[in-house]
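Note sheet for the following structure.
The values are calculated or read from the model by the stated rules, or taken from the named source; none is laboratory data. Just so it is clear, the model here is predicted, and its values are computed rather than measured. Positions of Cβ are generated from backbone atoms using ideal geometry, with glycine treated the same way; all protein chains shown enter the neighbour counts. For accessibility, only protein heavy atoms count, side chains too; no ligands or nucleic acids. Shrake-Rupley method; radii C 1.70, N 1.55, O 1.52, S 1.80 Å.
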Amino acid sequence: MEFQGFPRIHSIFYAVFDIIKGTVVQHQVPEGSITPLANQEESTTKPLIEFEAISEYVIPKKQLYKRLVTICTNNYKVMGCPVILNDHVKYRDFRNEFRFNLCFVFERDAETSSYEAVVRKLSRVLEGLELECDFLSQDASSETKSVQNVIEQLFEDLNSYCECQIPINAFNTINLKLFPSYPNPSTVYDYQVPVCTVDVKKMMTHNWDITVQKVTDHINGINHVKRIADLSNVRTEWVRQSMEHLMYYGCIIMTDIFQFSNVYAVKPEITRLLDDSSGLAQECLRYITLANMPTPPLPRIFALYCGLQYGSSVRDWIDEQHVVSLPIDVRRFISFGIIKGLIYRVHKYPILISLNPNDSFEPNSADKPFSNIINLNTGTTIHSEIIPFLNGSHHYDEICTTLKCSPQELDEELGFEENAFEYAIPPLSSVSAESAVRETTQNPKETPDDAKDESSSMNQWRVKFIFR
């Protein structure tokens, strides 16, 4: 994910609760940006916000203290974390309590998630300084400008350098740094394959997490998560967490397991490949062309992607398009299409259907004897470890990864035929088939014995396949 930069701070102000005047702004940067100064009443410069309208939320009710409060008003957003301190002796002139808030002002539509931690930390630091050396209350009752100096440096340094270091006294210093805020990564599954977007090994230092260092050595765009866990001798859940951590910082992306039996179909976004301004075509040619080989023509590459369609495996596609004669890496060709959203994977989902209309498949039910289920596609019983996955919600990649078997072995066990796609409903178009769900039913030739068994046995089932 590309970071768009931190939003600019338009103003910082420090407000306290006065027992006579109510909520008042004691310090502000730039001056006059929140409330007009006494000598600026006739100035043409107007404050950014109407402070009186939001003052009750700047110093709010007690339920909101020590919570992040964001207020949107007109074209600006005000963010603060109000604090209340109680002391019958120290604050006897303030009704036994001291209430304050240091607020930041941004544009209304700005992405301010990176500042949330900074605002919270500042409230905690100022609270600690007040408890330790009366830093705020002395400022409120004297002519000193210590708080003003702090917020001036905050305003300049955070806007200019995205960090600041402000010494308060011999024992206290305010240290702040802005960090990019990214959305949480999607869930990582055992059957997914991590692909590096940067050279992680060059970025790695000895300070990195030990688990991340171990699993990174086995990320090659081929190994799936569970195999990486086996090779690195690390628990699978730890490997998934490491992958999510690397995904969060944009070091890797996740794709599916590449096999020549996979089925892919083209998406409408394939037209982006013909847009010269995007640079996607040149990036594609650099990525998929074999080393020290001439670059294939773009129209040929575009035709290859359009040749990926529902019902045709990668193996069939290679034969039909004569891909062997081209100087391209098939694995990188498919990976590039998946990563850039030009093509999508058509997964195969097996589902167990009972021949008895009164019976239903409940794999987690302990009352039903599923150990002797006969699959009419093969005429043999189905292995008990496979049965929990035959509810139509688990595709081949997940099943094969969990059971450590190949798709061919699973096809033999479930009775899937190579010509199964011939019985499927044809897609409406090659680019709109992604949202359609097609069901393929296996119909082997029945013998008289099969018919007899079917009518006499209530434990016979048939495996159907859904492609989507």
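Backbone N atoms of the stretch 372-395 closer than 12 Å to the 7 Å Cα→Cβ label point of Thr402 belong to residues 385-395.
Only protein atoms count toward the accessible area here, which uses a 1.4 Å probe; on the stretch 256-303, the carbon and sulfur part of that area reaches 58 percent.
When Lys and Arg each count +1 and Asp and Glu each count -1, what net charge do the other residues less than 15 Å away from Val58, Cβ to Cβ, add up to? Kindly include the intermediate steps, with their values, before the conclusion.
Working: positive: Lys21, Lys61, Lys62, Lys66, Arg67, Lys77, Arg99; negative: Asp18, Glu50, Glu52, Glu56.
Combined, the nearby Lys, Arg, Asp and Glu give +3.
The Cβ shell under 13 Å around Ile328 holds other residues with a net charge of +3, Lys and Arg each +1, Asp and Glu each -1. Compared with the direct C-alpha span, the chain from Thr173 to Glu320 gains 46.0 nm at full extension, assuming 0.36 nm per residue. Amide H contacts under 5 Å for Ile466: Tyr349, Ile351, Thr440, restricted to partners 5 or more places along the chain or on a different chain, H placed in the peptide plane at 1.01 Å from N. Rounded to the nearest angstrom and listed largest first, the equivalent-ellipsoid semi-axes of the stretch 145-212 from its Cα gyration tensor are 40, 15, 12.
Which of Lys46/Lys77; Lys226/Lys404; Lys201/Lys404; Lys21/Lys61 have a Cα-Cα distance over 19 Å? In this structure, Lys201/Lys404 lie more than 19 Å apart at Cα.
Exposure check, 1.4 Å probe, all protein chains in place: Lys348 carries approximately 30 Å² of accessible surface.
Ellipsoid semi-axes for the stretch 222-268, based on the Cα gyration tensor and the rule √(5λ), read 24, 16, 7 Å when sorted largest first. Fully extending the segment from Asp18 to Asn74 would add 17.6 nm, taking 0.36 nm per residue of separation and subtracting the current Cα-Cα distance.
Remark: the Ala281-Thr187 segment gains 30.8 nm on full extension, using 0.36 nm per residue and subtracting the alpha carbon distance. Among 148-156, 96-104, 336-344, sorting by the average number of other beta carbon atoms lying within 10 angstrom of each residue, highest first, gives 96-104, 336-344, 148-156.
Rolling a 1.4 Å probe across the protein heavy atoms gives the stretch 86-131 an accessible surface of 52 Å² per residue. Placing a pseudo-label 7 Å from each Cα along the Cα-to-Cβ vector at Glu132 and Asn233 gives an inter-label distance of 4.6 nm.
Quick one: if the Förster radius is 56 Å, what FRET efficiency do Thr378 and Gln153 give, using the C-beta to C-beta distance and rounding to 0.05?
Using R0 = 56 Å, I get an efficiency of 0.15.
For Glu97 and Asp329, what does the FRET efficiency come to when R0 = 60 Å and r is the distance between their Cβ atoms, rounded to the nearest 0.05? Mind showing how you got there, number by number?
Details: r = 70 Å, r/R0 = 1.16.
Once rounded, the FRET efficiency stands at 0.30.
The orientation-averaged shadow of the Cα convex hull for the stretch 220-371, equal to a quarter of the hull surface, comes to 14.2 nm².
Given 37 °C and 0.692 mPa s, compute D for the stretch 82-161 with the Stokes-Einstein relation, Rh being the Kirkwood radius over Cα pairs; round to the nearest whole µm²/s. Working shown, then result.
Numbers: Rh = 14.1 Å.
Answer from the Stokes-Einstein relation: 232 µm²/s.
For Arg468, the accessible area of its heavy atoms, probed at 1.4 Å with every protein chain present, is near 100 square angstrom.
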